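Working notes, structure below.
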Amino acid sequence: MNDKRQKLCSALDALKKHTTVVADTGDIKAIAQYLPQDATTNPSLLLAAAKMPEYDSIINEAIQYGKSQASDVNAQVTAAMDKLFVSFGIEILKTVPGRVSTEVDARLSFDVEGSVAKGKKFISLYEAAGLSRDRVLIKLSSTWEGVLAAKQLEAEGIHCNMTLLFSFAQAVACAEAGVTLISPFVGRIYDWYVKSTGQKDYALLEDPGVKSVTKIYNHYKRHGYNTVVMGASFRNTNQIKALCGCDLLTISPKLLEQLQSDDTDVPKQLSTENAALTNGPKLSLSEAEFRYQHNQDAMAVEKLAEGIRKFAEDAVKLENMLKERMSA
């Protein structure tokens, strides 16, 4: 009987005992399948979801909203994009009991006022639909300007999720700004090191993306920051297992399925107790110090720039899709 119960407990179940699992997708059906606490979206994920026929009603609703808000086509598309992002979020919140992350346009990554305005616009649309801002995280790029925007939004009770985070300097700035959550990108860090060194196989705890998130987690817990860590962008389940115990982990449907089919145990790797045993001073970075320290990490500089470009490209593709359907 005990053996049978053991087999019924998947690696995903074991992971959920120590870490809050978040679905990294815009596909609402996939979210419902794996019962995560929260969900995250971005322009790339929503572009993929928008191409699925089952979400045509959400697209059409966004288009009608855009047309009702302006006469100029470009203004209509902007309004429709805002509505689309929030409408997907609203549908996701019908499935998850926790929060959804809605991402600010990557083209605003260096625009403090523009980012703040967009975050407030998203929140106003959620609240108009009867949803509390406490169920929404505004997702911003972890640039210096993104951190300043997040600090302003947090001061107004709007919670933020800092994405495209690759360097320790970015993590320090986010914590000092008092943001709610950060999303360090494990897989993209791994990708850079594979390309740079040719090494693909790492011991469980030696993966460079895993080591980066572990360092950030330990720093936060050791110094008592309220900002929580959500590991993101995984390439395999070993990276996920190596971060068991992290506050949250956002995982794609493909890897959620692999974890659900895996019956091996997932021991806890990260904890506040272990973090207390590590060393390192509490840091506070000026803008000049932030920019210099981030600049010294070639991986972080390249991946941040690449990530902003890619999200911006997919946002343009999504806009063009809406524009075509508006004129059809």
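Worth pointing out:
- Within the stretch 250-283, the residues that satisfy the criterion of being outside any loop (DSSP other than H, G, I, E, B) and either under 15 Å from Lys211 (Cα atoms) or among the small types (Gly, Ala, Ser) (or both) are Ser261, Asn274, Ala275, Ala276.
- Condition check for Leu15: hydrophobic (A, V, I, L, M, F, W, C), modelled with pLDDT under 95, touching a Leu at 6+ places or on another chain (Cβ under 8 Å) and open to solvent by less than 10 Å² (accessible area, probe 1.4 Å): no
- Residues satisfying the stated conditions in the stretch 148-163, i.e. farther than 19 Å from Gly231 by Cβ and either open to solvent by 10 Å² or more (accessible area, probe 1.4 Å) or at pLDDT below 95 (or both): Leu148, Lys151, Gln152, Glu154, Ala155, Glu156, Gly157
- Among the criteria (1) hydroxyl-bearing (Ser, Thr, Tyr); (2) open to solvent by 10 Å² or more (accessible area, probe 1.4 Å); (3) under 16 Å from the mean Cα position of the chain (by Cα), the one Thr250 does not fulfil is (2).
- Answer residue from the stretch 200-235, given it is among the small types (Gly, Ala, Ser) and open to solvent by less than 60 Å² (accessible area, probe 1.4 Å) and is nearest to His18 (Cα to Cα) among those: Gly231
- Residue within the stretch 33-48 that is touching a Pro at 6+ places or on another chain (Cβ under 6 Å) and modelled with pLDDT under 95 present: no
- The residue of the stretch 104-117 that is farthest from the chain's Cα centre (by Cα), among those that are of a type outside the set (Ser, Thr, Tyr) and part of a helix (DSSP H, G or I), is Glu113.
- Thr272 vs. criteria of a type in the set (Val, Ile, Thr) and in contact with a Ser or Thr (Cβ under 8 Å, 6 or more places away or on another chain): no
- Flag if Ala117 is open to solvent by 10 Å² or more (accessible area, probe 1.4 Å), aliphatic (A, V, I, L, M) and farther than 22 Å from Glu154 by Cβ: no
- If only residues of the stretch 122-147 that are under 17 Å from Asn226 (Cα atoms) and either in a helix (DSSP H, G or I) or aromatic (Phe, Trp, Tyr) (or both) are counted, the one that is most open to solvent (accessible area, probe 1.4 Å) is Asp134.
- Out of Glu273, Glu257, sole residue that is of a type in the set (Asp, Glu) and under 23 Å from Thr40 (Cβ atoms): Glu257
Quick grid of which residues meet (1) of a type in the set (A, V, I, L, M, F, W, C); (2) surrounded by fewer than 21 Cβ atoms within 10 Å (Cβ to Cβ); (3) in a helix (DSSP H, G or I):
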position	(1), (2), (3)
Ser71	no, yes, no
Val86	yes, no, yes
Val96	yes, yes, no
Thr102	no, no, no
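- For Asn238, the criteria (1) more than 20 Å from the chain's Cα centre (by Cα); (2) touching a residue at least 12 places away in the same chain (Cβ under 8 Å); (3) open to solvent by 70 Å² or more (accessible area, probe 1.4 Å) hold in every case but one, which is (1).
- Scanning the stretch 284-328 for residues being part of a helix (DSSP H, G or I) and open to solvent by 60 Å² or more (accessible area, probe 1.4 Å) gives a total of 18.
- Selection within the stretch 157-198 - touching a Cys at 6+ places or on another chain (Cβ under 7 Å) and not in a strand (DSSP E or B): Val179, Thr180
The values are calculated or read from the model by the stated rules, or taken from the named source; none is laboratory data. Computed from a prediction, not measured in an experiment: that's the story for all the values here. Here the Cβ is made from the backbone with ideal geometry for all residues, glycine too, and neighbour counts use every protein chain on show. The accessibility values were calculated without ligands, DNA or RNA, using every heavy atom of the protein model including side chains. Shrake-Rupley method; radii C 1.70, N 1.55, O 1.52, S 1.80 Å.
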